[in-house]
Structures are given as C-alpha cells and as structure tokens.
1. From the helices alone, meaning DSSP H stretches of at least four residues, give me the mean residue ellipticity at 222 nm for chain A, per-run term -39500 (n - 2.57), in deg cm²/dmol to the nearest 500.
2. What does the accessible area per residue of the stretch A:38-177 come to in Å², with a 1.4 Å probe and no ligands, DNA or RNA counted?
3. With the Cα gyration tensor of chain B in hand, give its eigenvalues times 5 under a square root as the equivalent ellipsoid semi-axes, listed largest first in whole angstrom.
4. Ignore the peptide's own chain and count Cβ atoms of other chains within 10 Å of each Cβ in A:161-172; give me the average, rounded.
5. Chain pair B, A: how much accessible area is buried, both chains summed, with a 1.4 Å probe, in Å² to 100?
6. If one computes the Cα centroid of the stretch A:55-87 and of the stretch B:66-90, what distance in Å separates the two points?
7. Treating the Cα atoms of the stretch B:35-89 as identical point scatterers in vacuum, please give the log10 of the normalised Debye intensity I(q)/I(0) at q = 0.17, 0.29 Å⁻¹, two decimals.
8. Cα-based Rg of the protein assembly as shown per 2.2 N^0.38 Å, rounded to two decimals?
Number of protein chains: 2
Amino acid sequence: MQAAAHAFADKGFHATTTRDIASGAGLSPAGVYVHFGSKEELLFNLSRSGHESALRLLRGAIADGPTPAHQLANVMRRFSEWHVEQYQVARVVQYEHHHLTPEHHAEVLALRKEMDSVVRDVLDRGVADGTFTVDDSGDTALALLSIVVDVARWYSPTIRRTPAEIGATNAALALRLVGATHRA
Amino acid sequence: MQAAAHAFADKGFHATTTRDIASGAGLSPAGVYVHFGSKEELLFNLSRSGHESALRLLRGAIADGPTPAHQLANVMRRFSEWHVEQYQVARVVQYEHHHLTPEHHAEVLALRKEMDSVVRDVLDRGVADGTFTVDDSGDTALALLSIVVDVARWYSPTIRRTPAEIGATNAALALRLVGATHRA
DNA sequence: AGTCAGACTAAGCAAGCGCTTAGTTACCGA
DNA sequence: TCGGTAACTAAGCGCTTGCTTAGTCTGACT
C-alpha cells in the first residue's frame, strides 16, 4: 500500500502500472495479486483508510478545542500539517477518488461529506456565539477547505517550509477570514 | 482540441485514449494525427493556450482596477468565473500540466510563475498604500490562489451556483482575508 | 481538364497493460 | 516427519494502447 501511495501520488492512478507498484514493494508483478484483487481495490483501500484517518483527525481537532476559535485553529493547523506530512496519501485522497468504481466512490463521498460538515459546524457555532462573522458558512467552509486541500497540490518535499509553519499560517489565515484574528 | 479538453478534464490525461479524443471530434483514430504529432503535443497546446489566456485575464483584471482593492476583487471575481465557465480547460491547466514532457512543463511553469507574481504584486501594492493588512504576501497570495484554483476541483455543471455568484463570493472572501472588507 | 496539396480513413503493428495460471518455497502445528 | 497453508514467482494470455502506413477523396488553382 505504501508503494501504491507513492506511485499514485507521483503519477496518478492511470499512469501507474501494477508493475510499478510491485517493484516499489520489492515484489514480482504477480505478487501484488496475493494481497489485492485488482489495482482499483488497492486504490480503494488506500482512499478509504486515508479518508477515515482524515476524518478522525478533524474530529480530534474539534474535541481538543474549548471554543469555536480554538477548534477552527486546530482543524486548520492539524489538517494542513497532515496534508504536508502525509502528502502522498493526501494527494490520493483529494485527487484520485474519482477513479474508483461507482460503489467505492459513493462510500468515500459519504466520508467526504462528513468532513465538510465538521468544518461547517464549527463555523456555525462560532457565528452563533458571536466570535465569527461570515456571510455564508457553506461558502466559507469550502474556501477554508480549499486552502488546506490545495496544500496537497502545491507541496513538494523540496520546499523549505516546515509542516508546523504551514499549519500555523493556515490557522492564522482562517481566523482572519472569519473575523476572529484577535482571539484563538 | 475541444474534444481533448473535455476528455482530459473528465478522466485525466492518462485515462484518456486517442480513440476517445478522435471519436469526440467525429474523426477516425488516425484523424487526430493529421493535426497533432502526439497525444502529449495535444495536451501541451491545450495547456499553453489555457495558461496564456489565464495570464491575459489576470493582467486585464489588474489593468481595469483603479486601486489595489479593486484590482484584487477583479482578479478574484474574473479568475473564479473563468474557472467555472471554462472549467474543463481550467482542470487541464491546473491538474494535468505535470504530465507534460520536461521541456513543455518548464514552459508552462514559467507562465504559472508570472500568474503568481500578478497576485503577489497586487497584495504588496495594497500593503504599501495601507489598504491591506497581511502577515506574508507570498503565503496570502498562495491561499487566495488556492481558493480560486480549487474551484476547478469541486465545480460541476450540476451545481446550482452561477459563475457570477461564485466570483462575487470569492472576491468578498479575498477582501476580508486582506483586511479590506469595508472597501472594494 | 489536369494537378496537387491537404484532410481524412481502413487496417494494423509493436509494445505495454491488467491480470491469471501453474508451480515453488517457507513455515507451522500435530 | 509430514500435511497444509500462505506468500511468492516465471511465464504468459488476451486485450488495449499510441501511433503508422498506404491509400482515398475533396476542392482550389492553373
């Protein structure tokens, strides 16, 4: 799965051959099929476990914050760091899921909807208690997630910025975007 | 080229066959090779012309605004609208360029750097004249472009929001992000 | 009427693809 | 010592891929 994540993130699902994955894992071409029934099944396993760990991370970020401002900062900081540190898995999660079969795709789409809800809900709570000012919590949640998700597109290990720096930057930008700069 | 843009945007460069492109254009499989020497050359032509028109759009957005705040709002609104209205070309531009040959890739990367500079420069001018407040213009420019670029990822023609609405939303979010909400 | 360039196709080639088959090896409990 | 199970490979099958070749057709110009 690690070899597959590496290859899928680097070249994309369709440009990756099962022979790439096999040799990356130190196996013969047939060796992959001992563990996975098809290349798509491998993508699905990667995508599902990636989505599940991302969702777990988001929920943990909410649980560990006393106020909506702390929770939003946690979400942006930790999720951004995850996109950097696990950037190969993150790329597969964010950009390869539409190559899944319709059934498998539906399963990860359900997880993605929950991820959206986590961000939208924290905005709604912040608006409700007066700490946040936003025009539309759906639009704002999408923009915040765009900033984080896009990390998986532009990040490369050759970049000098550390995960912590990127996380801190994105957390600060988020608080500014919801009009809560003076807190958190 | 239209048929190729459609197919590349829908399935990605490697998942698209030359036969898909040919039949999309109403040609036999060999008909494509009358006009283009290879599938990669077709991607390059699409990617280059897409990058050029995006860069032209960005420069026009700057030219048509009297102040940095107007210019930034123009950039965000028009570039977001472009990502919606030309979302197939936009997807190819934003997500397929790394499948180009090294030489062709270098050529579009130069255009992409210029696009980044346009956004970063308007932020610097806004900071210089006191209308914008940002911690780091590079980080902020990247976040603003993330919001726009990500449109090409999540947009689908089935979505009810109009290009103008999405453009207006992103322009408003940008002004808020640089601390210039009261203007524009 | 004759010529010729350019757009196009039918047929197909060599290579690479996802995946299978038949068989080998290593290891574990009885 | 043995039978069984799971991990693995060498070889290769059938198909699809990007692209080529040889030839046809159309229309503009002389």
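The values are calculated or read from the model by the stated rules, or taken from the named source; none is laboratory data. Everything numeric in this text was worked out from a predicted model, so none of it was measured. Cβ coordinates were reconstructed from backbone atoms using ideal geometry, including for glycine residues, and neighbour counts include every protein chain displayed. Areas reflect the complete protein model, heavy atoms only, side chains present, ligands, DNA and RNA absent. Shrake-Rupley method; radii C 1.70, N 1.55, O 1.52, S 1.80 Å.
1. Values: 10 runs with 132 residues, N = 184.
Rounded to the nearest 500, it is -23000 deg cm²/dmol.
2. On the way: 5640 Å² over 140 residues.
I get 40 Å² per residue for this part.
3. Ellipsoid half-lengths, sorted descending, are 34, 17, 12 Å.
4. On the way: counts 2, 0, 0, 0, 1, 2, 0, 1, 7, 4, 0, 4.
Mean partner-chain Cβ count within 10 Å for A:161-172: 2.
5. Values: alone 9260 and 9270 Å², together 16250 Å².
Buried area between the two chains comes out at roughly 2300 Å².
6. 30 Å
7. Listed by q, the Debye log ratios stand at -0.59, -1.06.
8. Numbers: Rg = 21.1 Å, N = 368, 2.2 N^0.38 = 20.8 Å.
Relative to the 2.2 N^0.38 Å estimate, the protein assembly as shown comes out at 1.01.
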